[in-house]
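Asker: Let me begin by handing over the structure; questions about it come next.
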Amino acid sequence: MQVQLEHITKRHRSGDEELTVVDDLTCDIQEGSFTFIIGPSGSGKSSLLYLIGALDLPSQGRVLIDGEDLSTWSSTRKNKFRREEIGFIFQSFNLLKQLTAVDNVLVSEMPVGVSGEDRQRAVDYLKQVGLGHRLGHYPSQLSGGEQQRVAIARALLKEPSLVLADEPTGELDSKTGAIVMGYLRDLQKQKQTTVIIVTHDHSHLRPGDHIIELHDGKIVKQYVKDATPTHV
Amino acid sequence: MISPGTIFPGMVFGLAFRNIWARPVRTSLAVLGMTVAIFAMVSLFSVSAGLNRVVNSTLDRVPGLIAMQRGAPIPLFSTIPSSWKEEIEKMPHVTTVVADCWARVNIINGKTIISPPRLLCGTDIARRNQLRTTLYKGDVYEGRFLSEEDVGKPHIVISKSVAEEFKVKVGDPLEVNGLKFTIVGLYHTGSLLLDVALLTDIDVFRALTGFNPGIVSSLYIEHDQGKEKASELAAVIQKRFTDREWGIYKASTILTIAQQVTTTSTENPVQSAMNNLDKMFKGSPPASSQPKASVSPRLEMESPLEVKPAEQWASRIDSFTEDLDLFLFLMTSIGVFIAVVQVINTMLMSVTERVIEFGILRANGWSVGNVVLLVVSESAFLGAVGGFFGSAFGWIAVQVINHNFPDRVQLYAGPELLVYSITFSILMGILGGLYPAYWAATRSPMDAIRRG
């Protein structure tokens, strides 16, 4: 899935003050690319991610998904887009505590009805991320790494064309973080899924990754990381 | 193993169910509020349902026509000339007419009677024994019913409930309003309305109570017309008395009492009011009263005699129970309102704590409608559980009351009332969940997720 951002601006009102969190930002994210959005806190990384995921609307500019302007979509189309084509992964895992691992994976399917086949696929994806023995466990019974793997399985179940991850390794130790990042890279390689990750942690950047560096809502650097390690 | 193709469409409801029980104390309190409201609803509405049931079951046993003074709600308040009985008896299709006189019993064996009420009935024994209907006569389980040999004698037939209350049996004396009777039979109809009667000979009744010999309270008319044509016959009988000089019954009210107080110059006004109140509550015409003392002028073309099949007399009870239902609804609506506010409060607390959860759901493709459905399902569950327990406890309370006070009340919490109460409770739960659901569904998913 190709993502194009054309002169995107996003403003928030905070009391009497209007804050510009994304400022006239333009870029292309190619289908099947592995993209990192990096930058300091408050630089507009997460806001940009939510704009791409149709969870928010830009104040100005256009977000194009495979050439279609998101702002022209109905809410039904956007819901379908989020349900079927996007896999969201969040820093704090964001699992529903009253649901088991399997049911958390099936959350997006609940409104349309969960088939036995869906349930079997959920089990398979949980096994794929190494949680075959934790199917009936609740989030409170899982470690942070396990919870994030459930969130990844939830994203994988949709077989999405676009994965949006907001600090997916932010609350994990480096070893578990590397495992989680490995799942995302496998997904990109095997299914040509477009993966966009917001992160502070530059240790996950690899040669060939598309890097977008933000500062105060503007792109300060955009490049493809080469084989030779460089300081960003 | 789950077979492919199995659908689980109820997972949203399953999630809703798990959500409400994730906070058991808060949920239990909301359910308790709804339970109390529905319990009160079932208990109170069982009064009017019970009344309807008693009336209907009683009327099933009275196939003939009942004639009373126009406007009188029950025979106790009715006075009509006894000569009309002979006249009706001679009319076509009329087979038997029984004259009855009724008086309220105030004292039995020295005990003041307040509740349940007891009524002394003087009946025409010869005619009553000619009736095809077996009411009272066929309900005697000990001793015998009144017969020709009891005419002119202070013999009495009483109900099982009276016998048990006063611990008397056949052959025992019974003092009613200071008059001495001998019990010759015990009956049991099972109807709260019928079992209030103490039956004796009409002449004895008149002699002992001083009831005007030219007057009877009501006439029971048996005919050969069947149920379908009973109303036609009733109309014919009624019409025959249109030109008669007789007033209609007019009940005492506070207004009429006040009028009487202000117009009675020779009497102490307070004493006069007390006397009138006494008359009103005792309900019994004075033993020596003249008929015109308790009547009012009537319209020229209106018959002073009202003749109807029993079920039509019951329509008066129906309109009374409708009013009673309205009153009870107003009473219970206060409790229900409080319960709904409690549900709103519970659901608002719940959704404000779960903003992140709704953000996750929206990010995973849940629509605003899906989130509303989830929250409303949760509040509907609160209503359903509250409704179930309220109805169950209400039903149990009705059984306990009926068991312990069989002669005083007959409450009825039937399936219709229970289903209605649970449905109403679910609807109130849904109503209570609408605003919290709207609030939850319209939060920005982005802001919600960022809170996490």
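Asker: Going by the structure shown, is A:Val150 in a helix (DSSP H, G or I) and over 19 Å from the mean Cα position of the chain (by Cα)?
Answerer: Values: in a helix (DSSP H, G or I): yes; over 19 Å from the mean Cα position of the chain (by Cα): no.
When the stated conditions are applied, A:Val150 does not pass them.
Asker: Still on this structure: Can you name the number of the only condition in (1) in contact with a Ser or Thr (Cβ under 8 Å, 6 or more places away or on another chain); (2) within 14 Å of chain B (Cβ to nearest Cβ) that A:Phe81 fails?
Answerer: (1)
Asker: Check whether at least one residue in the stretch A:100-109 is charged (D, E, K, R), touching a Leu at 6+ places or on another chain (Cβ under 9 Å) and at pLDDT 90 or above, and report yes or no.
Answerer: Let us first name the residues in the stretch A:100-109 that are charged (D, E, K, R), namely A:103, A:109.
If we keep only those that are touching a Leu at 6+ places or on another chain (Cβ under 9 Å) too, we end up with A:103, A:109.
Going one step further and asking which of them are at pLDDT 90 or above, we end up with A:103.
Yes - at least one qualifying residue is present in the stretch A:100-109.
Asker: Another one. State all residues of the stretch A:51-77 that are free of Cβ contacts under 8 Å to residues at least 40 places away in the same chain and within 12 Å of chain B (Cβ to nearest Cβ); if no residue qualifies, say none. Even if it seems obvious, please write down each step before you answer.
Answerer: The first filter runs over the stretch A:51-77 and keeps only residues free of Cβ contacts under 8 Å to residues at least 40 places away in the same chain, leaving A:54-55, A:57, A:68-77.
If the condition is that a residue be free of Cβ contacts under 8 Å to residues at least 40 places away in the same chain and within 12 Å of chain B (Cβ to nearest Cβ), then A:Ala54, A:Leu55, A:Leu57, A:Ser74, A:Ser75, A:Thr76, A:Arg77 are the ones that fit.
A quick yes/no check of all residues on (1) in a strand (DSSP E or B); (2) modelled with pLDDT of 90 or more; (3) assigned by TED's automatic domain parsing to the domain that holds B:Val98; (4) within 32 Å of the chain's Cα centre (by Cα):
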site	(1), (2), (3), (4)
B:Thr133	no, no, yes, yes
B:Gly152	no, yes, yes, no
B:Val157	yes, yes, yes, yes
B:Ala163	no, yes, yes, yes
B:Glu175	yes, yes, yes, yes
B:Ile183	yes, yes, yes, yes
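Okay, residues lined up against (1) open to solvent by 60 Å² or more (accessible area, probe 1.4 Å); (2) under 26 Å from A:Ser43 (Cα atoms); (3) part of a strand (DSSP E or B):
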site: A:Val163; (1), (2), (3): no, yes, yes
site: A:Leu187; (1), (2), (3): no, no, no
site: A:Val195; (1), (2), (3): no, yes, yes
site: A:Arg206; (1), (2), (3): yes, yes, no
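Asker: I would also like to ask the following. Of all residues in the stretch A:113-131, which are over 29 Å from A:Asp201 (Cα atoms) and more than 7 Å from chain B (Cβ to nearest Cβ)?
Answerer: A:Asp118, A:Arg121, A:Ala122, A:Val123, A:Asp124
Asker: Given the criteria touching a residue at least 24 places away in the same chain (Cβ under 8 Å) and within 32 Å of the chain's Cα centre (by Cα), does B:Gly359 qualify? Steps first, please.
Answerer: Values: touching a residue at least 24 places away in the same chain (Cβ under 8 Å): yes; within 32 Å of the chain's Cα centre (by Cα): no.
For B:Gly359, the condition - touching a residue at least 24 places away in the same chain (Cβ under 8 Å) and within 32 Å of the chain's Cα centre (by Cα) - is not met.
Asker: What are the residues in the stretch B:190-206 that are out of contact with any helix residue (DSSP H, G or I) (no Cβ under 7 Å at 6 or more places or on another chain) and within 14 Å of B:Asp150 (Cα to Cα), if any? Give the derivation first.
Answerer: Keep residues of the stretch B:190-206 that are out of contact with any helix residue (DSSP H, G or I) (no Cβ under 7 Å at 6 or more places or on another chain), which gives B:190, B:196-197, B:199-200, B:202-206.
Those that are out of contact with any helix residue (DSSP H, G or I) (no Cβ under 7 Å at 6 or more places or on another chain) and within 14 Å of B:Asp150 (Cα to Cα): B:Leu199, B:Thr200, B:Ile202, B:Asp203, B:Val204, B:Phe205.
Asker: Still on this structure, I have one more. Scan the stretch A:39-53 for residues that are part of a loop (DSSP other than H, G, I, E, B) and surrounded by 14 or more Cβ atoms within 10 Å (Cβ to Cβ) and jot them down.
Answerer: First, the residues of the stretch A:39-53 that are part of a loop (DSSP other than H, G, I, E, B): A:39-44, A:53.
Scanning the stretch A:39-53 gives A:Gly39, A:Gly42, A:Ser43, A:Gly44, A:Gly53.
Residue by residue, here is whether (1) in contact with an Asp or Glu (Cβ under 8 Å, 6 or more places away or on another chain); (2) among the hydrophobic types (A, V, I, L, M, F, W, C); (3) open to solvent by 30 Å² or more (accessible area, probe 1.4 Å) holds:
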| residue | (1), (2), (3) |
| --- | --- |
| B:Phe45 | yes, yes, no |
| B:Val54 | no, yes, no |
| B:Arg61 | no, no, yes |
| B:Gly71 | yes, no, yes |
| B:Leu76 | no, yes, no |
| B:Ser83 | no, no, yes |
| B:Ile88 | no, yes, no |
| B:His93 | yes, no, yes |
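Asker: What are the residues in the stretch A:85-112 that are assigned to a helix (DSSP H, G or I), within 7 Å of chain B (Cβ to nearest Cβ) and open to solvent by 10 Å² or more (accessible area, probe 1.4 Å), if any? Break it down stepwise before answering.
Answerer: Let us first name the residues in the stretch A:85-112 that are assigned to a helix (DSSP H, G or I), namely A:101-105, A:107-112.
Restricting the remaining residues to those that are within 7 Å of chain B (Cβ to nearest Cβ) gives A:107-108, A:110-111.
A:Pro111 - this is the single residue of the stretch A:85-112 that is assigned to a helix (DSSP H, G or I), within 7 Å of chain B (Cβ to nearest Cβ) and open to solvent by 10 Å² or more (accessible area, probe 1.4 Å).
Asker: Something else now. Hey, B:Val385 hits all of (1) away from every other protein chain (no Cβ under 14 Å); (2) open to solvent by 40 Å² or more (accessible area, probe 1.4 Å) but one; which does it fall short on?
Answerer: (2)
Residues are listed down the side, and each one gets a yes or a no for (1) surrounded by 24 or more Cβ atoms within 10 Å (Cβ to Cβ); (2) among the aliphatic types (A, V, I, L, M):
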| residue | (1), (2) |
| --- | --- |
| A:Arg82 | yes, no |
| A:Ser115 | no, no |
| A:Leu131 | no, yes |
| A:Val150 | yes, yes |
| A:Leu172 | no, yes |
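Asker: If you don't mind, another one. Any idea which of B:Leu219, B:Leu208 is within 23 Å of B:Ile80 (Cα to Cα), modelled with pLDDT of 85 or more and open to solvent by less than 90 Å² (accessible area, probe 1.4 Å)?
Answerer: Working: B:Leu208 fails: modelled with pLDDT of 85 or more.
Result: B:Leu219 is the single residue among B:Leu219, B:Leu208 that is within 23 Å of B:Ile80 (Cα to Cα), modelled with pLDDT of 85 or more and open to solvent by less than 90 Å² (accessible area, probe 1.4 Å).
Asker: Does any residue of the stretch A:216-225 turn out to be open to solvent by less than 60 Å² (accessible area, probe 1.4 Å), in the same structural domain as A:Ile37 (by TED's automatic domain parsing), modelled with pLDDT of 85 or more and touching a Leu at 6+ places or on another chain (Cβ under 9 Å)?
Answerer: Scanning the stretch A:216-225 turns up at least one residue that is open to solvent by less than 60 Å² (accessible area, probe 1.4 Å), in the same structural domain as A:Ile37 (by TED's automatic domain parsing), modelled with pLDDT of 85 or more and touching a Leu at 6+ places or on another chain (Cβ under 9 Å).
Asker: Go over the candidates A:Asp24, A:Asp56 one by one and state the one that is assigned to a loop (DSSP other than H, G, I, E, B) and open to solvent by 10 Å² or more (accessible area, probe 1.4 Å). Break it down into steps so the answer makes sense when it comes.
Answerer: Working: A:Asp24 fails: assigned to a loop (DSSP other than H, G, I, E, B).
After ruling out the rest, the residue left standing is A:Asp56.
Asker: Here's another thing I want to ask about it. Answer yes or no: is there a residue in the stretch B:110-128 that is touching a helix residue (DSSP H, G or I) at 6+ places or on another chain (Cβ under 8 Å) and on the phi > 0 side of the Ramachandran plot. Please lay out each step first, then the result.
Answerer: The first filter runs over the stretch B:110-128 and keeps only residues touching a helix residue (DSSP H, G or I) at 6+ places or on another chain (Cβ under 8 Å), leaving B:111, B:116-126, B:128.
Right, trim to on the phi > 0 side of the Ramachandran plot and you get none.
Taking every residue of the stretch B:110-128 in turn, none turns out to be touching a helix residue (DSSP H, G or I) at 6+ places or on another chain (Cβ under 8 Å) and on the phi > 0 side of the Ramachandran plot.
Asker: Within the group B:Leu373, B:Leu411, which residue is under 30 Å from B:Asn56 (Cβ atoms), in contact (Cβ under 8 Å) with a residue 40 or more places away in the chain and either surrounded by fewer than 23 Cβ atoms within 10 Å (Cβ to Cβ) or more than 14 Å from chain A (Cβ to nearest Cβ) (or both)? Break it down into steps so the answer makes sense when it comes.
Answerer: Details: B:Leu373 fails: under 30 Å from B:Asn56 (Cβ atoms).
Going through B:Leu373, B:Leu411 in turn, the sole match is B:Leu411.
Asker: Just the residues that are part of a helix (DSSP H, G or I), of a type in the set (A, V, I, L, M) and within 16 Å of B:Gln312 (Cα to Cα), please, taken from the stretch B:19-65.
Answerer: Taking the stretch B:19-65 as the starting set, the residues that turn out to be part of a helix (DSSP H, G or I) are B:19-20, B:24-59.
Pick out the ones that are also of a type in the set (A, V, I, L, M) and you get B:20, B:25, B:29-32, B:34, B:36-38, B:40-42, B:44, B:47, B:49, B:51, B:54-55, B:59.
Once the filter is applied, which keeps residues that are part of a helix (DSSP H, G or I), of a type in the set (A, V, I, L, M) and within 16 Å of B:Gln312 (Cα to Cα), the stretch B:19-65 yields B:Leu51, B:Val54, B:Val55, B:Leu59.
Asker: Answer yes if at least one residue in the stretch A:216-230 is out of contact with any His (no Cβ under 6 Å at 6 or more places or on another chain), of a type outside the set (A, V, I, L, M, F, W, C), part of a loop (DSSP other than H, G, I, E, B) and under 25 Å from A:Asn104 (Cα atoms), and no otherwise.
Answerer: Scanning the stretch A:216-230, I find no residue that is out of contact with any His (no Cβ under 6 Å at 6 or more places or on another chain), of a type outside the set (A, V, I, L, M, F, W, C), part of a loop (DSSP other than H, G, I, E, B) and under 25 Å from A:Asn104 (Cα atoms), so the answer is no.
Asker: While we're on this one: Have a look at B:Ser43, B:Ser82, B:Ser48 and point out the one that is more than 23 Å from B:Val400 (Cβ to Cβ) and either touching a Lys or Arg at 6+ places or on another chain (Cβ under 9 Å) or of a type in the set (Gly, Ala, Ser) (or both).
Answerer: Of B:Ser43, B:Ser82, B:Ser48, the one residue that is more than 23 Å from B:Val400 (Cβ to Cβ) and either touching a Lys or Arg at 6+ places or on another chain (Cβ under 9 Å) or of a type in the set (Gly, Ala, Ser) (or both) is B:Ser82.
Asker: Moving to a separate point now. Which condition from (1) open to solvent by less than 40 Å² (accessible area, probe 1.4 Å); (2) assigned by TED's automatic domain parsing to the domain that holds A:Gly170; (3) outside any loop (DSSP other than H, G, I, E, B); (4) out of contact with any Lys or Arg (no Cβ under 9 Å at 6 or more places or on another chain) is the one that A:Phe36 breaks?
Answerer: With respect to (1) open to solvent by less than 40 Å² (accessible area, probe 1.4 Å); (2) assigned by TED's automatic domain parsing to the domain that holds A:Gly170; (3) outside any loop (DSSP other than H, G, I, E, B); (4) out of contact with any Lys or Arg (no Cβ under 9 Å at 6 or more places or on another chain), A:Phe36 is out only on (4).
Asker: Those residues that are surrounded by 24 or more Cβ atoms within 10 Å (Cβ to Cβ) and basic (Lys, Arg), I need them from the stretch A:152-161; list them, please.
Answerer: A:Arg154
Asker: Could you give every pair whose Cβ atoms fall below 9 Å, whose first residue belongs to the stretch B:337-353 and is more than 14 Å from B:Leu431 (Cβ to Cβ), and whose second residue is open to solvent by 60 Å² or more (accessible area, probe 1.4 Å) and of a type outside the set (Ser, Thr, Tyr), counting only separations of at least 6 or pairs across chains?
Answerer: Once the first residue is more than 14 Å from B:Leu431 (Cβ to Cβ) and sits in the stretch B:337-353, its partners that are open to solvent by 60 Å² or more (accessible area, probe 1.4 Å) and of a type outside the set (Ser, Thr, Tyr) give B:Val351/B:Arg443.
The values are calculated or read from the model by the stated rules, or taken from the named source; none is laboratory data. Keep in mind that what you see is a predicted model, and the values were worked out from it rather than measured. Note that each Cβ is placed from the backbone with ideal geometry, even for glycine, and that neighbours are counted across all protein chains shown. Areas reflect the complete protein model, heavy atoms only, side chains present, ligands, DNA and RNA absent. Shrake-Rupley method; radii C 1.70, N 1.55, O 1.52, S 1.80 Å.
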